[in-house]
Amino acid sequence: QVQLAESGGGLVQPGGSLRLSCAASGRFSSLSIMGWYRQAPGEKRELVATISTGGLTRYADSVKGRFTITRDNVKKSVYVQMNSLKPEDTAVYYCWSNWGGYDYWGQGTQVIVSS
């Protein structure tokens, strides 16, 4: 089993920044794809960004130019730096990993963008 633990959520004003972190443990492979999804109230869970073990990234159009995903394979961790946050970024953010055809999810961390 793989466990993913997120941290770094909170309340921030529009235009502000937050950095989310996710640490993997258990039977985690550094070859796993890692990433972030989010789910706003009443909405489906959606992709935010993903990153391969080699650093290849993919972003949702809504966050391009504002969010940056990185990973540290030694620390088995993935991060997302979120800048220029908007109220519509308010959601629960979930860390995600895929290896061998299996999806793993963290418990989620709440991000609220509000004045």
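The values are calculated or read from the model by the stated rules, or taken from the named source; none is laboratory data. Note that the structure is predicted; figures quoted are calculated from it, not measured. As a convention, Cβ positions derive from the backbone with ideal geometry for all residues, glycine included, and neighbour counts pool all protein chains shown. The protein model used for the area step is the full one, side chains on, heavy atoms only, and it has no ligands, DNA or RNA in it. Shrake-Rupley method; radii C 1.70, N 1.55, O 1.52, S 1.80 Å.
Normalised per residue, the accessible area of the chain is 54 Å², obtained with a 1.4 Å probe and no contribution from ligands, DNA or RNA. Using a probe of 1.4 Å, the accessible surface attributed to Trp96 totals some 30 Å² when neighbouring protein chains are kept in position.
Fully extending the segment from Gln1 to Asn98 would add 33.7 nm, taking 0.36 nm per residue of separation and subtracting the current Cα-Cα distance.
The modelled label-to-label distance for the pair Glu46/Gln81, using points 7 Å beyond Cα in the direction of Cβ, is 2.4 nm. If the Kirkwood radius is taken over C-alpha pairs of the chain, then at 10 °C and 1.306 mPa s the Stokes-Einstein diffusion coefficient equals 114 µm²/s. Could you please state how large a percent of the accessible area of the chain is carbon and sulfur, counting protein chains only and using a 1.4 Å probe? Carbon plus sulfur share of accessible area: 49 percent. Note: relative contact order over the chain, using C-alpha pairs below 8 Å and six or more positions apart, is 36 percent.
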